[in-house]
Amino acid sequence: MLRGTLLLTGASFISKLLGMLYTIPFESLVGATGGKLYGLAYGPYTIFISLSTVGIPLAVSKFVAKYNSLGDYKTSRRMYNMALRLMFVTGIVAFLLLFFGANLLAKIYIPDNAEGITVDDVAMVIKMVSFALLIIPSMSITRGFFQGFQSMGPTAISQVIEQIVRIAFLLISVYMVLNVFDGTTVTAVGFATFSAFIGALASLFVLILYWNKRKHHLNHYIEQQRVRPVKLSNKELFIELFQYAGPFVFVGLAIPLYQQIDAITFSRTLLDAGLTQLEVDNAFSNINLYGHKLIMIPITLATGMSLSSLPTLTKSFVENNRPRLYQQINQSLQVIMLLILPAVVGMSLLSNQIWGAFYGINDFITFNGEILGWYAPVALFFALFTVTSSILQSINQQRFALYSLGIGLVLKAVLNIPLMMAFGPVGAVISTWIASLGTVISNLFRIRRAIAFPLKALLKRSSLMLIFAGFMSMAVLAVQFVMSQWVNYTDGRLSSILILIPAVTVGAYIYLWFSYRSTLLERVMGERIKRLERFF
């Protein structure tokens, strides 16, 4: 499970790192206003991606893992073929809905008293991004099929290639539009969103190559099958698949739905509260794009963990091996806490320097840095929600993931406007804190109730991790104070980097030293971690 997690996390990390790094030149080219426009287009696109796939790729992964563990490879292949045809149809439908509904969505996002970005601008970029919906559903279903065989390579490689091609097209096209053809920022952002379609084409090509390469091996499983295939009609197969799939779509929608609540309420509330349009644009582009890209880096571990653990946990649950199931669940949750907790604490402490290093120094450096500092802990809550939802789906409690997400959305919707009126843009972040933490707590209690899962070990080790993160924080603040005597981060991007390098290095070493010497690392990650002894 850890091997699959590392592979998918590595691929996700590379993709997210590239996705973060490209925002540096992108922000320089289009600024906060272009970032806001880009974020407004990607919000509904992400939702339509989840709706068009109806959670089926991950459900196929679970379905294939289940029937493969029973030796019924023919039923697994039959489901894949049926789901592939379904995804082709839903992709077309989703494209048509988003393309022709772009103007309606734009009118919802842009208030009457807004300046700069118009309804037509937002509608145009939404239409440009909608073309990717024609390809991504069919592509995702093939990834899910490979994952069901616990083969994470096709997903990992295609994911990285997709991101490389997408970003290359995005940056080249934006630069050409603005600096060669003297086009507008709106046109440039339109091409930037269209890059999702180009990247999806590249990913689909990689998956086709993998399929042709492994087709003989996959067919061999079917030819050697000794178990009689399950006698289920197409309708019965789809019913079982959709029972798995329904919650997946809403779990994947958690972050985009929170962002949509912000998109609808943000400008109206903060303009009425007295902020300028430029302050609103900076804050929204921070939460929805630039800052969000930074906090998504730690979340890649949760994504990899949830994808790789789903088939493994499903197998243990189907075989009714409770001791192994408990061990795997504990490991999944503790790895997330062990690695993401110090990352978000460090990001909160060094938020000004991180923002300056990535996006440069301007009049809004302190403003944006403060928002990022508050926003960073959301990464931990989102990561835990992703993994706990995957665990619920593995133990056939997927419906509860809907209830917990509903709790989160209600909390976010109810608290967002009052907290923004009280605390400004930070209020939107605090409401996301409360909402996402509520979903995590409800998921954990459901897991405990459904399979009598003991939470004692998780709580005990998480407390120890918090103590070590406290020691790390003192070290980071000390280094930050010492470095600030010679270097001021507001002097430029290089100054921010000069403060970040020693602060991050010392902080990470202190945290890992305590984790290693206390045997926490070994207990969570396994005995191979002893190879690090020479460092500690």
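Here are some notes:
- Overall form of segment 377-536 per C-alpha gyration tensor (a/c, 1.5; a/b vs b/c): oblate
- Over 25 Å (Cα to Cα) - which of LYS66/LYS456; LYS16/LYS315; LYS127/LYS293 fall in this group: LYS66/LYS456; LYS16/LYS315
- Considering only SER130, SER332, VAL318, the residue lying farthest towards the positive end of the dipole of the chain is VAL318, judged by Cα position with unit charges set on Cβ.
- Spatial separation of Cα centroids for segment 118-175 and segment 335-373, in angstrom: 27 Å
- Rough spin-label spacing in nm, given labels placed 7 Å along Cα→Cβ, for GLN327 and SER484: 4.8 nm
- Cα convex hull volume per residue for segment 163-278 (Å³): 180 Å³
- Peptides 397-403, 334-340 ranked from most to least packed by the mean count of surrounding Cβ atoms within 10 Å: 334-340, 397-403.
- Full-extension gain in nm, PHE242 to THR519, via 0.36 nm per residue minus C-alpha separation: 95.4 nm
- Note on segment 58-212: dipole from Cβ charges, positive end direction compared against LEU97, SER140, VAL64; the farthest Cα belongs to VAL64.
- Packing here is the average count of other Cβ atoms within 10 Å per residue, and on that basis the peptides 345-354, 222-231, highest first, run 345-354, 222-231.
- Unit charges on C-beta of K, R, D, E only; dipole of the chain, Debye: 2960 debye
- Separation of alpha-carbon centers, segment 463-494 and segment 382-446, rounded to whole Å: 30 Å
- Value at 222 nm in deg cm²/dmol, rounded to 500, when DSSP H runs of n ≥ 4 in the chain each add -39,500 (n - 2.57): -28500 deg cm²/dmol
- Comparing Cα centroids, segment 177-233 and segment 82-105 end up 16 angstrom apart.
- Taking the Cα atoms of the chain, the ratio Rg/Rh between the radius of gyration and the Kirkwood radius comes to 0.96.
- Segments 475-482, 122-129 sorted - mean Cβ within 10 Å per residue, highest first: 122-129, 475-482
- Rounded, prolate or oblate (a/c below 1.5 giving rounded, otherwise prolate when a/b exceeds b/c) for segment 330-420 by Cα gyration tensor: oblate
Coordinate-derived values only; no laboratory data. These figures come from a predicted structure and were not determined experimentally. Positions of Cβ are generated from backbone atoms using ideal geometry, with glycine treated the same way; all protein chains shown enter the neighbour counts.
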